[in-house]
Amino acid sequence: MGRHGATRVQVLRSFDRHCLEHGAVRLERGVVERWIAHRIDANPGGCRSWFSYIRDFGRWMRLAHDPDAYVLSDQWKAGLYFVKSVFRV
């Protein structure tokens with residue numbers, strides 16, 4: 001579609017760093033959920049739309065490389081996130 005997902009790339013690079021720092025060589029539930037917990041602790045009130053990025057990565061891993069790769073479960077849904085506008089109408 002000609003668009004580059006800079007946020008997606010940034011999130012997946014963060015996950016890659018996490019895996020390198022913790023010696024993770026497989027996409028397993030514990031690895032993914034520890035990384036999620038770390039990101040949430042760093043920004044507790046922030047938007048969590050990035051859940052879908054790691055979920056899609058797990059799906060891609062299952063199809064392309066590892067049929068046992070963990071796919072983030074639906075219990076980790078981002079929900080709606082509204083930003084309060086600073087503009088008055």
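Read-outs throughout are calculated quantities, based only on the coordinates presented, and are distinct from any laboratory measurement. The structure presented is a predicted model; accordingly, all values stated were derived computationally and were not measured. Cβ coordinates were reconstructed from backbone atoms using ideal geometry, including for glycine residues, and neighbour counts include every protein chain displayed.
Structure summary
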item	result
Label zone at Asp74 (point 7 Å along Cα-to-Cβ), backbone N below 20 Å, region 33-58	33, 48-58
Amide hydrogen neighbours beyond the local backbone of Glu28, cut-off 5 Å, H modeled	Tyr70
Taking the C-alpha atoms of region 9-64, convex hull volume expressed per residue in Å³	80 Å³
Distance between modelled label sites at Ile40 and Val25, nm, 7 Å Cα→Cβ extension	3.0 nm
Pairwise label distance in nanometres, Leu63 with Glu33, each label 7 Å out on the Cα-Cβ vector	2.6 nm
Given charges at beta-carbon only (K, R positive; D, E negative), |dipole| of region 1-57 in Debye	160 debye
